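The structure appears below as structure tokens.
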Amino acid sequence: INQLIPCQKVAYFQEIGSDPNLRGYGIGSALCKSLVSWMKTNYPDIPSMLHTHESSPAYRLFYKSGYRIFGRTDQINPGRIFMASSLSSLLTPENL
């Protein structure tokens, strides 16, 4: 990871989610937009990482905001991926 993101600090999100019965109301988008905006505003000069599943709605939201896949944990849990943005200032919450 240090070769990909050489720094001392990094923001890390394990997972976000919403009740499957409430999907389609924009709750996940609003939550993702809040997290990304917070990172971009408060910590623009550090990378941000997250761990999610490639088939989750969260993956698509974070991808739209500028995160990209940089690793997989298929041997431990198939489909789980790490995503990162090299600097939080590069994130685009307005895309959500």
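The values are calculated or read from the model by the stated rules, or taken from the named source; none is laboratory data. Note that this is a predicted model, so its numbers are computed, not measured. So basically every Cβ, Gly included, is an ideal-geometry build from the backbone, and we count neighbours across all protein chains shown. Surface areas here come from the heavy atoms of the whole protein model, side chains and all, with no ligands, DNA or RNA. Shrake-Rupley method; radii C 1.70, N 1.55, O 1.52, S 1.80 Å.
Per-structure values
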| quantity | calculated |
| --- | --- |
| Accessible area of the chain belonging to carbon and sulfur atoms, whole % at 1.4 Å probe | 55 percent |
| Computed accessible area, Tyr12, all protein chains, 1.4 angstrom probe, square angstrom | 100 Å² |
| Once exposed loop trypsin sites (Lys or Arg not before Pro) are cut out (DSSP; at most 16 other Cβ, 10 Å), longest piece of the chain | 24-96 |
| Relative contact order (%) - the chain, alpha-carbon pairs under 8 angstrom, separation at least six | 33 percent |
| Exposure rank, largest accessible area first [Phe62, Phe13; 1.4 Å] | Phe13, Phe62 |
| Å² of accessible area per residue within the chain, as computed with a 1.4 Å probe and no ligands counted | 62 Å² |
| Heavy-atom accessible area ranking, 1.4 Å probe, most first, across Ile76, Ile69 | Ile76, Ile69 |
| Estimated FRET transfer efficiency when R0 is 22 angstrom, pair Ile27-Gln75 (beta carbons, to 0.05) | 0.10 |
| Accessible surface ranking that places the most exposed of Ser86, Ser48, Ser37 first, with a 1.4 angstrom probe | Ser86, Ser37, Ser48 |
